[in-house]
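The values are calculated or read from the model by the stated rules, or taken from the named source; none is laboratory data. For clarity, every value in this text was computed on a predicted model and none was experimentally measured. Here the Cβ positions follow ideal geometry from the backbone for every residue, glycine too, while neighbour counts run over all protein chains shown.
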Amino acid sequence: MEEKTMVADTLDSINSELKKYADMIPQTENKELKTTLKQFRNAAEMSQENIYSLARERQYYVPAAKATEEEVSHVRSLFS
C-alpha cells in the first residue's frame, strides 16, 4: 500500500472518530465521562493536525484556493 493512501485512510479514520465524539459529548450527563471524551477528542484533533501537516508537506493534499474577501463577505451576510 502506498504511503499516500495510508495517510488518506488515517485522516478519514480520525475525522470519523472526531464526528463520533461530537455526537457523544453533548449527549452524556456524566461529567467524568464527558471530560474523558473531551480528552480523547483533543488527542484525536492533535493527531489529525499532525497527519494533515504531513500530507501537506508531502503534497498528498493540496488545499483549495483561499476565499476572496467578496466570498467571505457573502457567506457572512448569509448568517447575519
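What do you reckon, is GLU71 within 11 Å of LEU11 (Cα to Cα) and not hydrophobic (A, V, I, L, M, F, W, C)? No: the conditions fail for GLU71. Give the residue that is surrounded by the fewest Cβ atoms within 10 Å (Cβ to Cβ), with candidates limited to residues of region 37-61 that are of a type in the set (Asp, Glu) and within 15 Å of ASP12 (Cα to Cα). Among those that are of a type in the set (Asp, Glu) and within 15 Å of ASP12 (Cα to Cα), it is GLU49. Remark: pairs (first residue in region 1-23, farther than 13 Å from ALA55 by Cα; second residue assigned to a helix (DSSP H, G or I); Cβ separation under 6 Å; 6+ apart in sequence or on different chains) = ILE14/ALA44; ILE14/SER47; ILE14/GLN48; GLU17/ALA44; LEU18/ALA44; TYR21/LEU37; TYR21/ARG41.
Meeting the requirement of 2 or more residues that are within 14 Å of the chain's Cα centre (by Cα) and of a type in the set (A, V, I, L, M), the helices (runs of 4 or more DSSP H) wholly within region 2-80 are 3-24, 31-57. Write out, first by first residue and then by second, each pair whose Cβ atoms fall under 8 Å of each other, whose residues are 6+ apart or on separate chains, and whose first residue, in region 25-48, is of a type in the set (Ser, Thr, Tyr) and at pLDDT 95 or above while the second is surrounded by 12 or more Cβ atoms within 10 Å (Cβ to Cβ) and part of a helix (DSSP H, G or I). Close Cβ pairs satisfying both conditions: THR28/LYS34; THR28/LEU37; SER47/ILE14.
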